[in-house]
Amino acid sequence: MIFDALVILAAIIGGGLLLFPVKVRFLFRVQKNAGKFEVRIFRKKVFTTEEETVEESEATEEVDVATAEEIRASEEDDFDDENPWKKEKSVEAKAPANEKSEKKAAEKSEEKSDKKKSEKSKKKSKKKSSDEEFLTLVLDPRFDKKLLKDCFQIAKAFFRIFHCYFEPTVVDGIRLEDYEDMGYAMGGLNFLCGTIPLFNNWEFLMDWEGNRPLKVEGGFVASFSIARILGFGLVSVWSVLGLVLLYLWNLRRYRKNPEQFRLIFWRRWVVRFLAAD
């Protein structure tokens, strides 16, 4: 009885951990000549750009000093290279080679070049046949259908990993030349916020008086769980395994009887065009 209770408790805890959502918040504030960006996990700050000004100034100073030293060193090296008094002149006498040795070396080089050409032609023919075989199997309609279906399933499973939404986000200081255009823009933006769920938490404020700078401030949340990641991994492995098995099965059938894989004209043209390269 106690063992069963422990198993049930472990299953509940494990399921809770698998389904527990992990939230990552991206807080941002953009203003003219200023900006801030933060990344938080469970309200804990992971990354921020608030203290980058001091670090960037120090880095630029170090880069300027390093570049100045490199320029000085390069100027000194150029002066040393152009100084005629530091150049040394040496003349080496080369003895003429024997004619027989030259003929033998030429014959050997011709034989080696002929062998290399024959080997290259064989490799090219093998590569062309293998490329043609691979492209024929890949452009088979049944394989293409399964490939597109599996890619769609993998993409669907990937986008299901994350549940994304915006926290209250304010766009302030929107200013146009005409007040009438500003009214139409405000109505259109409010309609956008009411119809598209992703922008439900957005608020657009017009600068009717013309004394507020344009700025955007808010947050974006992306939550995921271990269960959704495992589901994406299972779908991906299953799809890739199915494609590999189908390709190997078609390869076996193709080598027994290549006439089974008859492609339509545009698929044949693609195979010939790619295999020729």
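Screening the range 185-229 for residues that are over 22 Å from Leu27 (Cα atoms) and part of a loop (DSSP other than H, G, I, E, B) and picking the one that is modelled with the lowest pLDDT gives Gly210.
Looking across the range 260-277, the residues that are part of a helix (DSSP H, G or I) and under 12 Å from Glu133 (Cα atoms) come down to Arg268, Val271, Arg272, Leu274, Ala275.
All of (1) surrounded by 16 or more Cβ atoms within 10 Å (Cβ to Cβ); (2) free of Cβ contacts under 8 Å to residues at least 24 places away in the same chain hold for Ala185 with one exception: (1). When the range 169-201 is examined, which residues are found to be under 30 Å from the mean Cα position of the chain (by Cα) and over 19 Å from Lys32 (Cα atoms)? Correct list: Ile196, Pro197, Leu198, Phe199. Only residues that are open to solvent by 60 Å² or more (accessible area, probe 1.4 Å) and either among the β-branched types (Val, Ile, Thr) or free of Cβ contacts under 8 Å to residues at least 60 places away in the same chain (or both) were counted across the range 127-140, and they come to 3. Among the residues of the range 249-258, the one identified as surrounded by 11 or more Cβ atoms within 10 Å (Cβ to Cβ) and basic (Lys, Arg) is Arg253. Just one residue in the set Phe273, Phe224, Phe261 is of a type outside the set (Val, Ile, Thr), surrounded by 11 or more Cβ atoms within 10 Å (Cβ to Cβ) and closer than 17 Å to Asp140 by Cα; that residue is Phe261. Within the range 21-33, the set of residues being among the aliphatic types (A, V, I, L, M) and open to solvent by less than 60 Å² (accessible area, probe 1.4 Å) comprises Val22, Val24, Leu27. Which one is farthest from Ser223 (Cα to Cα), of the residues in the range 156-169 that are open to solvent by 40 Å² or more (accessible area, probe 1.4 Å) and not charged (D, E, K, R)? Selected residue: Pro168.
The values are calculated or read from the model by the stated rules, or taken from the named source; none is laboratory data. Since the structure is predicted, the reported quantities are computational estimates derived from the model, not experimental observations. So basically every Cβ, Gly included, is an ideal-geometry build from the backbone, and we count neighbours across all protein chains shown. Just so you know, the surface numbers come from the protein's heavy atoms only, side chains and all, with ligands and any DNA or RNA stripped out. Shrake-Rupley method; radii C 1.70, N 1.55, O 1.52, S 1.80 Å.
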